[in-house]
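Here the structure comes first, spelled out in structure tokens, and everything after it is commentary.
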Amino acid sequence: MTEPVWPAYNRRKLVGPQPPWQEQVLTGLLTTLGRQVIGFLTYFGETTILQFGVWRALIGRRLEYRLSVQQLAEIGVNSLPIAVVTLLFSGMVIGYHMSVQASKLGVSGVAGWLVAETMCRELGPVLVAFVVAARAGSAMAAELGSMKVTEQIDALRAMATDPVDYLVAPRYVACLVMVPLLVLIGDTVGVTGGYLMAVISPDINQTVYFGSIPGNLESWTVVAGIIKAAVFGMIIAVVGCHQGLTTRMATEEVGRATTRSVVYSIMLIYAANLILTTILYPG
């Protein structure tokens, strides 16, 4: 016996009238936007809570000093070679362009200061932060993510050990200390690299290049770059550790958390650099 075929008008009555396509598109856009806003607020809240947890551990003197020393070496010493190479070649490129343009404009006497100003204001802190985020920040997310997947973090909680005190705080302190130091070293290397390329101009020599720096480069420019580096270090530590601690219980999620830590760190470093530049260099 064949099933009866429903008339078209009955099907329309059961399903109900469909909204116009414009309304469907608008509803979809608003739904997507709402999910993104909720996700951002959730992420901001979780990272803020993690930040306060680290500060509480530092104020309460619950820092693991042995692990902190290990992280100082892991984040600072092991990131030094790639930071030096990055800043050296960046300084050489800036020095080359500055020497060419300064010779054309007849201001070769300030080429060294222009390179130093560029490195200390922007390139030094930002490039070093990118290097540390790509190398050390991703390592934090991978390490903590692997511990989360293998339930080692749950084991720490079972032994009445706070993962924030034991795992996050040492990495936070290491980033806070070592990123500014790497920036200082990177600024010096970048200025030296600029000199190696600037001397190709017949109007620039060692005396002219380095002689223009002390009288023009303000100490606040260097200090402001160090302040930027400290903030960038906090961002890298919080983002990397947060991604590791919130990794889902699957092996493939460790790689995704590692990728997200680098992407989020770079995006937040860009945003923080804009905000800090307007605050530290008001005019």
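Based on what the data block shows, is Thr86 at pLDDT 90 or above and part of a helix (DSSP H, G or I)? If you could, list the steps in order and put the result at the bottom.
Details: at pLDDT 90 or above: yes; part of a helix (DSSP H, G or I): yes.
So Thr86 passes the test.
If you scan segment 244-271, which residues turn out to be surrounded by 18 or more Cβ atoms within 10 Å (Cβ to Cβ), farther than 19 Å from Arg135 by Cβ and not polar (S, T, N, Q)? Leu245 - this is the single residue of segment 244-271 that is surrounded by 18 or more Cβ atoms within 10 Å (Cβ to Cβ), farther than 19 Å from Arg135 by Cβ and not polar (S, T, N, Q).
Evaluate the following for Val100: is it assigned to a helix (DSSP H, G or I), of a type in the set (Val, Ile, Thr) and closer than 27 Å to Arg135 by Cα? Lay out the reasoning, then the answer.
Numbers: assigned to a helix (DSSP H, G or I): yes; of a type in the set (Val, Ile, Thr): yes; closer than 27 Å to Arg135 by Cα: no.
Spelling it out, it is not the case that Val100 is assigned to a helix (DSSP H, G or I), of a type in the set (Val, Ile, Thr) and closer than 27 Å to Arg135 by Cα.
Listed residues Arg62, Arg56; which is in a helix (DSSP H, G or I), more than 18 Å from the chain's Cα centre (by Cα) and of a type in the set (Lys, Arg)? Testing whether each residue is in a helix (DSSP H, G or I), more than 18 Å from the chain's Cα centre (by Cα) and of a type in the set (Lys, Arg) leaves just Arg56. Taking the criterion of being of a type in the set (Ser, Thr, Tyr) and without any contact (Cβ under 8 Å) to a residue 60 or more places away in the chain, the residues of segment 141-182 that qualify are Thr150, Thr161. All conditions but one from (1) polar (S, T, N, Q); (2) without any contact (Cβ under 8 Å) to a residue 60 or more places away in the chain; (3) within 18 Å of Gly124 (Cβ to Cβ) apply to Thr221; the one that does not is (2). Does segment 97-114 contain any residue that is surrounded by fewer than 19 Cβ atoms within 10 Å (Cβ to Cβ) and either among the polar types (S, T, N, Q) or within 15 Å of Leu184 (Cβ to Cβ) (or both)? Scanning segment 97-114 turns up at least one residue that is surrounded by fewer than 19 Cβ atoms within 10 Å (Cβ to Cβ) and either among the polar types (S, T, N, Q) or within 15 Å of Leu184 (Cβ to Cβ) (or both). Filtered by the rule that a residue be modelled with pLDDT under 90 and not in a loop (DSSP other than H, G, I, E, B), segment 255-283 gives a lone residue, Gly255.
Which helices (runs of 4 or more DSSP H) sit wholly inside segment 125-243 and have at least 1 residues that are of a type in the set (D, E, K, R) and either out of contact with any Ser or Thr (no Cβ under 7 Å at 6 or more places or on another chain) or surrounded by fewer than 20 Cβ atoms within 10 Å (Cβ to Cβ) (or both)? Write out each step before concluding.
On the way: elements: 138-149, 152-158, 169-198, 206-216.
Hits in segment 125-243: 138-149, 152-158, 169-198.
The values are calculated or read from the model by the stated rules, or taken from the named source; none is laboratory data. Keep in mind it's a predicted model, so treat the numbers as computed, not measured. Counting neighbours? That spans all protein chains shown, and the Cβs are built from the backbone with ideal geometry, glycine included.
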